[in-house]
Structures are given as C-alpha cells and as structure tokens.
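Asker: Shown below is the structure under consideration.
Laboratory data are not the source of any read-out in this text; all were calculated from the coordinates shown. Every value quoted in this text rests on a predicted model; they were computed, and no experiment measured them. Ideal geometry is used to build each Cβ from the backbone, glycine not excepted, and the neighbour counts take in all protein chains shown.
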C-alpha cells in the first residue's frame with residue numbers, strides 16, 4: 001500500500017475522524033462520571049457544537065500537517081511524533097476557538113482526558129493498520145501485478161524505480177516484446193521477457209495481471225488498436241507511458257468507462273480502464289464492506305453453533321467447506337461456506353454431469369442427491385450457507401455485493417468476453433442472486449448481468465441489490 005495512494009490516505013482520514021469523535025464522547029462520559037470534586041459537567045456549553053468544532057478543526061489540521069503513517073516492518077517513532085504534533089496543535093486550536101467564541105464553563109479536565117484518549121486511540125489504530133497492511137504486503141495475494149509491454153530504456157527505468165521503492169506493493173509479472181528472438185532475455189532486476197504480443201492472450205489467462213503498462217511507442221506495435229481492444233476484453237486497466245500514438249484506437253473504440261492521466265511512480269501515464277474508476281465511491285464501498293461484515297458476524301454469531309450442531313447431526317465430516325475460487329483478476333482464494341453437501345461431493349460430480357440443468361461452465365441440478373438432508377436444503381434455500389464468507393470480506397478477498405466467485409475450472413472455460421467478469425472483487429450477493437428465476441437463467445445471461453453490474457456500478461446500486469437480497473433469503477429461493 002504505497003503512502004501516496006489517495007484511496008488509503010482518505011480511508012485513514014475517515015478512521016482518524018471517527019476515532020477522534022469516539023475519544024471526545026469517551027472523555028465526556030468519563031468526566032461526567034468521575035467522583036466528586038473533579039466529576040460532573042456544567043450544563044451551559046453545548047457539547048454537540050463543541051464536537052462539531054472538533055471535527056472541523058481535526059479535519060483541517062490533519063489535512064494540513066498530513067500525519068500519514070509509514071508502513072514498514074517495525075512501528076515507526078516518526079509516526080508517533082507526527083501524531084503527537086498534530087493532535088497537540090489541534091487541541092491548542094480548539095482551546096483558542098473556545099476562548100474566541102466565548103464558550104464558557106467548558107471543563108479543562110475534559111480537554112485533557114480527550115487529548116490523551118485521542119492520542120492513544122490514534123496511535124493504537126496506526127499500530128494496528130501497520131500490522132495489517134505490512135503483513136498483507138508480504139502476501140502475493142495483495143500485490144499489484146503489472147505486465148509491461150516493452151523492454152527497452154523506458155521499461156528498464158520503470159522496473160528499477162519499482163524495485164528501488166521498498167514500500168511498493170507492485171510485482172512485475174514480466175515483459176512482452178514484438179520480436180520472439182528476445183523472449184527469455186533479462187530486462188532488469190531479474191525481470192525477464194516472458195513472451196511476445198502474440199502470447200498476450202495465454203499470459204493473461206494463465207497469470208494474475210491487474211494492470212498492463214505499455215512502455216514502448218504504440219506506433220512500434222503493428223495493429224496496436226487491436227491489442228488495446230483485446231486487453232479491454234479482459235477488463236484490465238491499461239497504463240500507457242506517453243508516446244502519443246493512440247488516435248487510431250480512440251477512433252475505433254470511442255467509449256471508455258474511464259480515461260485519465262496519473263502518476264505512476266515518477267512517470268506520467270495515460271490510464272484507460274473498463275472497471276469502475278470511482279475511487280472515492282470504491283473507498284466508501286470498502287468501509288461499508290468491513291462495517292457490514294463485522295456487524296453481520298456479531299448479529300449472526302448465535303446461529304453458528306445451531307448450524308454446526310445440525311450439520312454434525314445429519315452428516316459426518318467438517319462443518320465448514322473450503323473451496324478454491326477465482327477472485328479479482330483471477331486471484332485464487334479459499335471461499336468459506338457452511339457445508340451443505342456430503343464430504344465426497346466433488347468425487348460424485350462426474351457421475352451427475354449428464355443431469356446438469358445449467359448451460360456454460362457451471363453445474364446446477366434440482367434435487368441434487370449430494371445435498372445433506374434437512375439442514376443442507378435449508379441453508380441452500382435461504383443462502384445462509386454463505387454466512388462464513390463474511391470472514392472472506394474481513395480478509396479482503398470478497399465484498400458484500402459483487403459477481404459471485406467462480407471455480408477456477410469454470411474460468412478456464414470462459415470465453416474472452418466473459419473474463420471481464422473478474423475485473424471487480426467478488427461478492428456474497430449479486431444481480432443474479434436477486435432475480436426471481438435465478439436458477440433458470442442461462443450462463444450467458446448470468447454473465448451479462450454481472451458485466452452490466454460492473455459497467456453501471458454505484459453505491460446506490462449496491463444498496464438496491466442488498467435490500468432486494470433480504471426477501472430472497474426470507475423467501476427461500478435458493479437451490
């Protein structure tokens with residue numbers, strides 16, 4: 001997670017303001033309930049107005065002094081110092097505002113308690129975030145995988161810059177070139193040319209690629225507009241180091257969901273993307289996902305022992321079912337579910353393939369004999385077998401709303417236009433899930449629904465799908 005990543009900086013600011021509000025409320029109740037003579041609070045100040053003042057001052061001060069943390073292996077003293085400096089400045093400004101606005105009878109002890117609580121909460125939050133994000137950076141799953149088109153001077157400079165930046169979460173998959181005689185050569189920092197542009201399709205199918213960086217002039221690539229259209233089919237973001245020869249492609253493909261200029265390390269790049277690029281809304285979606293996941297786990301925790309006992313009663317074997325699925329851009333992860341089928345369900349599948357009622361790469365069958373009696377049917381019909389996937393959301397692998405995560409074997413059978421379905425993080429519920437006749441929808445229509453969701457995504461659409469999921473669960477439409 002690079003420090004300069006605007007999305008995470010905005011998330012950090014939201015967390016800072018939230019914790020500051022908690023610290024103020026905590027200080028209020030502590031001071032109010034302290035023993036005489038230092039306890040109690042005067043009724044004259046309007047504490048809601050003071051809290052509003054706190055939010056405004058902290059927002060301005062934190063934006064101006066910018067105490068963003070440094071994500072590294074050890075917790076940085078500089079992070080604590082910057083927080084101490086910023087919180088102290090904020091409290092001084094608050095005290096001045098109380099004096100200037102003549103807000104009388106405001107407890108100095110409350111300010112002192114608030115100051116200590118706020119500093120403590122923010123330091124603990126920074127420590128926890130550092131632990132989480134540094135550990136995530138060590139896992140390949142959370143790396144940003146970049147494929148570079150080109151291998152000459154510009155590509156070498158980009159590779160060196162990436163590996164020079166120790167905090168970078170970018171992983172170079174390799175380089176591709178136009179001349180097959182260069183395949184296998186080392187470009188820089190052990191990054192090799194792994195194929196030609198003719199191999200691009202196989203590379204994108206077999207490797208996890210989040211972005212493609214074009215580091216060579218487009219006029220050096222014959223039929224470059226066809227390759228850009230081909231990448232567009234996968235829903236992968238394309239970054240182009242400026243060699244402005246893009247006129248032909250824009251003439252043949254005028255509709256892009258996003259086209260913008262951005263800094264990629266020290267290089268200016270043109271970004272072409274087909275997945276949603278609404279960074280602020282995506283940030284809200286991430287916060288919403290984690291919040292709902294935590295609340296959902298707390299509220300449904302009493303159901304877990306009931307389902308555990310019921311599954312054990314009707315079937316021997318593990319309670320939870322782990323299945324390898326494909327996530328964002330093909331990342332592999334284990335999706336969690338309550339087990340609703342017999343333990344050897346996968347081994348029985350080949351014998352049931354002639355009874356498959358679904359088209360395309362998925363398997364669906366009414367009265368599947370592998371389903372556990374009573375509890376298995378109940379969990380599947382209510383979709384409550386998906387509850388453990390709230391843990392997948394906390395691990396950052398899934399979202400509340402998004403295309404359902406497919407099995408890797410299904411992805412291998414996808415047509416090229418269907419692979420763009422992987423351009424957004426998978427979800428527990430989706431557009432397909434809320435359809436009245438969802439079990440009768442053919443595979444291609446299912447794909448169309450998911451692609452339409454990606455193309456038209458918004459926070460409002462997520463809420464709409466989430467609200468429509470409730471009657472689906474209550475009405476037991478699953479199979």
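Asker: Given the Cα-Cα distance of residue 131 and residue 95 and 0.36 nm per residue of separation, how much length would full extension add, in nm?
Answerer: Contour length minus Cα-Cα distance gives 9.6 nm.
Asker: Could I ask something else about it? At a Förster radius of 22 Å, what calculated FRET efficiency corresponds to the Cβ-Cβ distance of residue 152 and residue 416, to the nearest 0.05?
Answerer: My answer for the efficiency is 0.15.
Asker: For segment 279-474, just the Cα set please: Rg and Dmax, both in angstrom.
Answerer: Cα-based Rg and Dmax for segment 279-474 come out at 16.5, 48 Å.
Asker: If I stretch the segment between residue 102 and residue 409 completely, what's the gain in nm (0.36 nm per residue apart, minus their alpha carbon distance), one decimal?
Answerer: 103.6 nm
Asker: In nm, what is the difference between 0.36 nm times the number of residues separating residue 316 and residue 349 and their Cα-Cα distance?
Answerer: Stretched fully, the residue 316-residue 349 segment lengthens by 10.0 nm.
Asker: R0 = 60 Å: FRET efficiency of residue 226 with residue 467, Cβ-based, nearest 0.05?
Answerer: 0.90
Asker: What nm value, rounded to one decimal, do you get for the distance between residue 323 and residue 51 when each label is placed 7 Å out toward the C-beta?
Answerer: Spacing of the two 7 Å Cα→Cβ label points: 4.5 nm.
Asker: Looking at the P(r) of segment 175-219, how many percent of alpha-carbon pairs lie beyond 11 Å?
Answerer: 70
Asker: With each label point set 7 Å from Cα along the Cα-Cβ vector, what nm distance links residue 474 and residue 301?
Answerer: Here the answer is 2.6 nm between the modelled labels.
Asker: Another question about this same structure. If a paramagnetic tag sat 7 Å from the Cα of residue 365 along the Cα-Cβ line, which residues of segment 425-458 would have the backbone N under 20 Å from that point?
Answerer: Hits in segment 425-458 for residue 365 at 20 Å: 439-443.
Asker: Give the relative contact order (percent, whole number) for segment 408-479; include only Cα pairs under 8 Å separated by 6+ residues.
Answerer: Worked out over segment 408-479, it gives 39 percent.
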